[in-house]
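To start, the structure under review is shown below, and the notes come after it.
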Amino acid sequence: MTFHTSPRTKEPFMALSHLPTSLANAFCDLARWLDRRSGSRLPLLLLGILFACQRRTVTSWFRAAGITVEFRQNYVTVCAVGREADSLAMSIVLAVRPLLRRQRLTVAIDDTPTARYGPEVEGCGIHHNPTPGPAGEKFVYGHIWVTLAALAKHPVWDTIALPLQAQLYIRQCDLAKLPPERPRDFRTKLEMAAEQLRWLKPWVENHFEELWVVVDGGYAKKPFLKAAKAAGYTVVSRLRKDAALWSLPLPKPSSQPGPQATYGKERISLAKRAGQKRGWQQVECVQYGERVTKTIKTFQATWRPAGGLIRVVLVQEEGGWLPFFCVDPAATPEEMLEAMADRNAEEQTFKDVKEIWGAGQQQVRNLYSNEGCFNLNLWMYSLVESWAWSQEEKALVNRAASPWDSEPRRPSHQDKRKALQREVLQAEIDEALCGRPTKERFRELAERLLDLAA
């Protein structure tokens, strides 16, 4: 984290020599998608995000990176990241792709809100609040982010969701509030999710045998299901308990003209199927890192939003039965249950990105700046997880100072972020001790460490 001085601007900037090689390469890969001036400033800004503390505003990024007189130019860089977010996200796909199993790529799509304040923040609106909290707020004023994440299976830490990109959803009634120089066409969440799958396919189709996507029940609708099928993805999702399912079509006699029917003529009631005592069976699957036994009932049906045949699985839980479906009728119930459990890893990612990286706290107003800030937080999460993937647990977290904390658990994302910070700082300290260290060099190092600690 060495600072040097630019002879032209006298602006301190941070070298990448103390970063792990994989992270330094990822920073440079992200920068190459921007123009030369913004790209040269992006690696320094990313280091500032890594070391920022307290409230994670953009100015806290600047302070951690030592950015002073060039702060306006770095605001321009944040805006440029939002404008070119789709292109920069390609570098994240390449960075996390080696961590994913080649047999099947499973991605998750969901949306999450970030609360904002003030009428001048572009793209804001009133949205349903998925996490009301103790006060029971039904609505939240802010942004909604439709986020695509790859689900990676770690050999020890189970499933980890690695965010690839996020798009800002703006309600149609809020589009008129945008300034004329930044217009935006209205797109539903379903259209945005389908667009993300089409964007991802060229980067993964030749590297994986199968492409699966798991989504919440809100995305299990015809526009998304049809687009996902056309792009070659197998969709697994939750099914409405009152879904209009139909039986399998009867085989068409050879003497009867016309094509084979797609849908049956008998209506299937999920409530009646779940209420019947016969047909239930027990299967074993791995959920949340543990092998569990589930009581299920499975069958095939036809469903018009999916365009034909699907596999349905009813699961008996303590609070009642839950229905799930897969557009591939050959999928096994175990695969479906495990995929739906893995989808919850994205919910944990949303929590960490907001609490640890401060997503939504950046206090920027411009539409592109907001998109740039949120995606930068997501990408730092994925890059830190990629760096920690092959690290030993004892190198990531040391609880020797807390003997009461003896419960075994996997390292948290905060543990991994702090371990990366320690490695970078240790590299700088080792450099200061090399050769013949001077008193001035020690003083500069101590002042920077004090600034980061405070």
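The values are calculated or read from the model by the stated rules, or taken from the named source; none is laboratory data. This one's a predicted model, so the numbers in the text were calculated from it and none came from an experiment. Here the Cβ positions follow ideal geometry from the backbone for every residue, glycine too, while neighbour counts run over all protein chains shown. SASA here: full protein model, heavy atoms, side chains in, ligands and nucleic acids out. Shrake-Rupley method; radii C 1.70, N 1.55, O 1.52, S 1.80 Å.
Just a few scattered comments:
- Probe 1.4 Å, all protein chains present, accessible-area order of HIS207, HIS143, largest first: HIS207, HIS143
- Across the range 292-350, the mean sequence separation of Cα contacts (distance under 8 Å, 6 or more residues apart), normalised by length, yields a relative contact order of 24 percent.
- Taking the longest Cα principal axis of the chain as reference, the axis of helix 85-96 is set at about 90 degrees.
- HN-Hα J in Hz across the range 71-77 - Karplus 6.51, -1.76, 1.60, θ = phi - 60°, x for Gly and Pro: 5, 5, 5, 6, 4, 4, 5
- Annotation note: GluC sites (Glu not before Pro) in the range 314-348 located in DSSP loop regions with a Cβ neighbour count of at most 12 within 10 Å are GLU318.
- For CYS434, the solvent-accessible surface computed with a 1.4 Å probe is close to 90 Å², ligands and nucleic acids excluded.
- Within the full protein context, the accessible area of PHE71 is estimated at about 80 Å² for a probe radius of 1.4 Å.
- Trypsin sites (Lys or Arg not before Pro) within the range 282-359: DSSP coil, no more than 14 neighbouring Cβ in 10 Å: none
- Beyond 27 Å in Cα-Cα separation lie the following of the pairs LYS241/LYS277; LYS177/LYS226; LYS153/LYS241; LYS138/LYS226; LYS226/LYS351; LYS222/LYS354: LYS177/LYS226; LYS153/LYS241; LYS138/LYS226; LYS226/LYS351; LYS222/LYS354.
- For the range 56-151, the list of GluC sites (Glu not before Pro) that fall in a loop by DSSP and count at most 12 other C-beta atoms within 10 angstrom reads GLU120, GLU137.
- Folded to 0 to 90 degrees: helix 189-204 orientation relative to the chain principal axis, Cα: 70 degrees
- With contributions of -39500 (n - 2.57) from each DSSP H run of at least four residues, the per-residue ellipticity at 222 nm computed over the chain stands at -12500 deg cm²/dmol.
- Solvent-accessible area of ASP29 with every protein chain in place, 1.4 Å probe, in Å² to the nearest 10: 70 Å²
- Amide hydrogen proximity for LEU245: with H placed 1.01 Å from N in the peptide plane, the residues at 5 or more positions away or on another chain lying under 5 Å are ILE268.
- Annotation: per residue accessible area for the range 37-189 equals 44 Å², rounded to a whole number [probe 1.4 Å, protein chains only].
- Alpha-carbon centroids, the range 99-166 and the range 321-397: separation in whole Å: 7 Å
- Residues MET192, MET340 ordered from highest to lowest accessible area at a 1.4 Å probe: MET340, MET192.
- The candidates SER40, SER91, arranged from most to least accessible area with a 1.4 Å probe in the full protein assembly, appear as SER40, SER91.
- Nearest 10 degrees, 0 to 90: helix 21-31 Cα axis against the chain principal axis: 80 degrees
- Size-normalised alpha-carbon gyration radius of the range 145-208, reference 2.2 N^0.38 Å: 1.48
- Portion, in percent, of the accessible area of the chain that falls on carbon or sulfur, probe 1.4 Å: 51 percent
- Take the Cα radius of gyration of the chain and divide it by 2.2 N^0.38 Å, N being the number of residues; the result is 1.11.
- In the context of the full set of protein chains, the range 338-389 has a per residue accessible area of 25 Å² (1.4 Å probe).
- Solvent exposure of the range 213-302 as accessible area per residue, Å², 1.4 Å probe: 61 Å²
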